[in-house]
Amino acid sequence: MGEENAVKTPGDILGRVSEYTSGRGTHVRGDHICASIVGQQSISAPAAGASDKAQLPVIEVINGKERSAVPETGSTVTAKVVRIDHRKATADILCVGLRAVTQKFTGIIRQQDVRATEIDKVEIATSFRPGDIVRAEVLSLGDARAYYLSTAKNELGVVFAKSPAGVRMVPVSWEKMQCPKTKVIELRKVAKT
Amino acid sequence: MEYVSPEGLRLDGRRPKEVRQLKCELAVLHRADGSAYLEMGNTKVLATVYGPHEVSQRSQSLHDRALVHCEYSMATFSTGERRRRPKGDRRSVELSLVIRQSMEAAILTHLLPRTQIDIYVQVLQADGGTRAACINAATLALADAGVPMRDLVASCAAGYLNGTPLLDLNYVEDSAGGPDLTVALLPKAEKVTLLQMDSKLPLDTFEAVLGLAMDGCKAIAAHMRQALLEHTRKQAVVRGPVRL
């Protein structure tokens, strides 16, 4: 069907169902595979391990636009704590892995997910403060409002926090951070760097 | 009044089966996810698309498909007499509905469950055929936003004056009071997504007018496709080679 990397518009016929497998940005109408977005058509070899029936090259339409990163279960996210109470800390997710998110995603770190041991003795107020930047893992998609996040690993927890004096604090142990200016010590669940 | 001269020319110098000059511009507003500016002769329309994003009113969320929300408005300076228009008047509510329905027919809504797509269409200058122009602009904006669609929706109006079917009526012809037929079409599948007519027509004439309007839709679709391709090529040049 024409050039390999031709630009296609929605509704354009790309090929037959018997020739290709329909990939991203395409849909099937009758016997034909049609483009559903504007973009470049690309044909790639079938995915390894696919069943015999799917041994056809995959045809896709790609439109340079990157979709916003979306947190998934198990991905590491960077979040900013916005609110705490005695049972949970609420945080806005800023990055998924290394990619910044464009939409607002809210996460919740529950009391039992703050650290791995002695989880019944955790106090949120001695683990996070509003304004802290936290590295966390996505536990589950949570409820309709927020993702459930966890910091129950050594390398997870607060990575950046400011002291009341407005200075970036330095970690001194896995649960303490110190202000280099006033030498005041505050409690946090600190991430191991 | 004579709408077709003995030489077979209309008031604005077109032939009966001629559409007005089309001009499309894509991605005119960078804040929106997709936008398009469309001129059909002197009718000028701006369409913007936001989304797919989370449903703003949770109770409206549909678990198996996307919610399409459409708002039509006319600028105060769009007509000869400057007039303040209330947002929720009958005409604009009806037009919003019409645009939404014909877009919903094209968007692959089942691919985007629990999301919302907002389409805002604004008429900057009205000179007949605003309905068709709005639908065309909305399609282009959706295509620019990268919303998956079955096909482009192309729309065109047609009328019947002085015993002649006329394609793409302008304001003067529109206000002549003759039948005014607006059609929206999925051109590749040849499926009609919208068919509206004011006043009455005998059945055989109706079919001639409908056929003319559908031909107009196809011509407009071809032009819009061309505009999309050109825009994509330009972007490709700006961005440099695409890394996959």
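Residue under question is residue B:137, and the condition is that it be more than 10 Å from chain A (Cβ to nearest Cβ), of a type in the set (A, V, I, L, M, F, W, C), in a helix (DSSP H, G or I) and in contact with an Asp or Glu (Cβ under 9 Å, 6 or more places away or on another chain); does it hold? No.
Could you please let me know if residue B:160 is of a type in the set (Ser, Thr, Tyr) and in contact with a helix residue (DSSP H, G or I) (Cβ under 6 Å, 6 or more places away or on another chain)?
Answer is yes for this residue.
Just a yes or no: is a residue in segment A:124-142 open to solvent by 50 Å² or more (accessible area, probe 1.4 Å), out of contact with any strand residue (DSSP E or B) (no Cβ under 8 Å at 6 or more places or on another chain) and hydrophobic (A, V, I, L, M, F, W, C)? Looking through segment A:124-142, none of the residues is open to solvent by 50 Å² or more (accessible area, probe 1.4 Å), out of contact with any strand residue (DSSP E or B) (no Cβ under 8 Å at 6 or more places or on another chain) and hydrophobic (A, V, I, L, M, F, W, C). Within segment B:86-137, if we keep just the residues that are among the β-branched types (Val, Ile, Thr) and in contact (Cβ under 8 Å) with a residue 60 or more places away in the chain, the residue that is nearest to residue B:63 (Cα to Cα) turns out to be B:115. A Cβ distance below 8 Å, combined with a sequence gap of six or more or placement on separate chains, defines the contacts here; from segment A:4-22, residues that are on the phi > 0 side of the Ramachandran plot and within 14 Å of chain B (Cβ to nearest Cβ) reach residues that are surrounded by fewer than 23 Cβ atoms within 10 Å (Cβ to Cβ) and assigned to a loop (DSSP other than H, G, I, E, B) in the pairs A:11/B:150; A:11/B:187; A:11/B:188; A:11/B:189. Suppose the filter is buried (at least 24 other Cβ atoms within 10 Å of the Cβ), within 11 Å of another protein chain (Cβ to nearest Cβ), outside any helix (DSSP H, G or I) and of a type in the set (Val, Ile, Thr); does residue B:121 pass it? Taking the combined requirement at face value, the residue does not satisfy it. Of the residues making up segment B:141-155, at least one is under 13 Å from the mean Cα position of the chain (by Cα) and part of a loop (DSSP other than H, G, I, E, B).
Could you pull out the residue among B:210, B:203, B:194, B:169 that is touching a residue at least 40 places away in the same chain (Cβ under 8 Å), over 22 Å from residue A:29 (Cβ atoms) and open to solvent by 10 Å² or more (accessible area, probe 1.4 Å)?
On the way: B:203 fails: touching a residue at least 40 places away in the same chain (Cβ under 8 Å); B:194 fails: over 22 Å from residue A:29 (Cβ atoms); B:169 fails: open to solvent by 10 Å² or more (accessible area, probe 1.4 Å).
So the residue among B:210, B:203, B:194, B:169 that is touching a residue at least 40 places away in the same chain (Cβ under 8 Å), over 22 Å from residue A:29 (Cβ atoms) and open to solvent by 10 Å² or more (accessible area, probe 1.4 Å) is B:210.
Residue-by-condition table, conditions (1) at positive phi; (2) free of Cβ contacts under 8 Å to residues at least 24 places away in the same chain; (3) open to solvent by less than 20 Å² (accessible area, probe 1.4 Å); (4) in contact with a strand residue (DSSP E or B) (Cβ under 9 Å, 6 or more places away or on another chain):
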{"position": "B:4", "(1), (2), (3), (4)": "no, no, no, yes"}
{"position": "B:9", "(1), (2), (3), (4)": "no, yes, no, no"}
{"position": "B:16", "(1), (2), (3), (4)": "no, no, no, yes"}
{"position": "B:38", "(1), (2), (3), (4)": "no, no, yes, yes"}
{"position": "B:45", "(1), (2), (3), (4)": "no, no, yes, yes"}
{"position": "B:50", "(1), (2), (3), (4)": "no, no, no, yes"}
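In segment B:182-203, which residues are more than 14 Å from chain A (Cβ to nearest Cβ) and hydrophobic (A, V, I, L, M, F, W, C)? Within segment B:182-203, B:183, B:192, B:194, B:195, B:197, B:201, B:203 qualify.
Taking the conditions exactly as written (among the basic types (Lys, Arg) and under 20 Å from the mean Cα position of the chain (by Cα)), does residue A:129 satisfy them or not? No; evaluated as a whole, the condition is false for this residue.
I'd like to check which strands (runs of 3 or more DSSP E) are fully inside segment A:58-120 and have at least 2 residues that are farther than 30 Å from residue B:232 by Cβ, open to solvent by 30 Å² or more (accessible area, probe 1.4 Å) and in contact (Cβ under 8 Å) with a residue 60 or more places away in the chain.
Values: elements: A:58-62, A:76-84, A:88-96, A:99-110.
It comes to A:76-84.
Name the single residue that is nearest to residue B:147 (Cα to Cα) among those in segment B:204-238 being more than 10 Å from chain A (Cβ to nearest Cβ) and of a type in the set (Asp, Glu). Step through it out loud before you land on a result.
Of segment B:204-238, the ones more than 10 Å from chain A (Cβ to nearest Cβ) are B:204-220, B:222-223, B:234, B:237-238.
Next, only the ones that are of a type in the set (Asp, Glu) stay: B:204, B:207, B:215.
Working: B:204: 39, B:207: 33, B:215: 26 Å.
Only one residue fits best here, namely B:215.
Does residue B:182 qualify as being among the hydroxyl-bearing types (Ser, Thr, Tyr), within 13 Å of the chain's Cα centre (by Cα) and either surrounded by 15 or more Cβ atoms within 10 Å (Cβ to Cβ) or more than 28 Å from residue A:31 (Cβ to Cβ) (or both)? Give the steps one after another, and end with the answer.
Working: among the hydroxyl-bearing types (Ser, Thr, Tyr): yes; within 13 Å of the chain's Cα centre (by Cα): yes; either surrounded by 15 or more Cβ atoms within 10 Å (Cβ to Cβ) or more than 28 Å from residue A:31 (Cβ to Cβ) (or both): yes.
Taking the combined requirement at face value, the residue satisfies it.
Quick grid of which residues meet (1) assigned to a loop (DSSP other than H, G, I, E, B); (2) of a type in the set (Val, Ile, Thr):
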site: A:134; (1), (2): no, yes
site: A:139; (1), (2): no, no
site: A:145; (1), (2): yes, no
site: A:153; (1), (2): yes, no
site: A:158; (1), (2): no, yes
site: A:171; (1), (2): no, no
site: A:181; (1), (2): yes, no
site: A:186; (1), (2): no, no
site: A:192; (1), (2): yes, no
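The values are calculated or read from the model by the stated rules, or taken from the named source; none is laboratory data. Note that the structure is predicted; figures quoted are calculated from it, not measured. Note that we place each Cβ from the backbone using ideal geometry, even for glycine, and neighbour counts take in every protein chain shown. Calculation scope for accessible area: heavy atoms of the full protein, side chains included, ligands and nucleic acids excluded. Shrake-Rupley method; radii C 1.70, N 1.55, O 1.52, S 1.80 Å.
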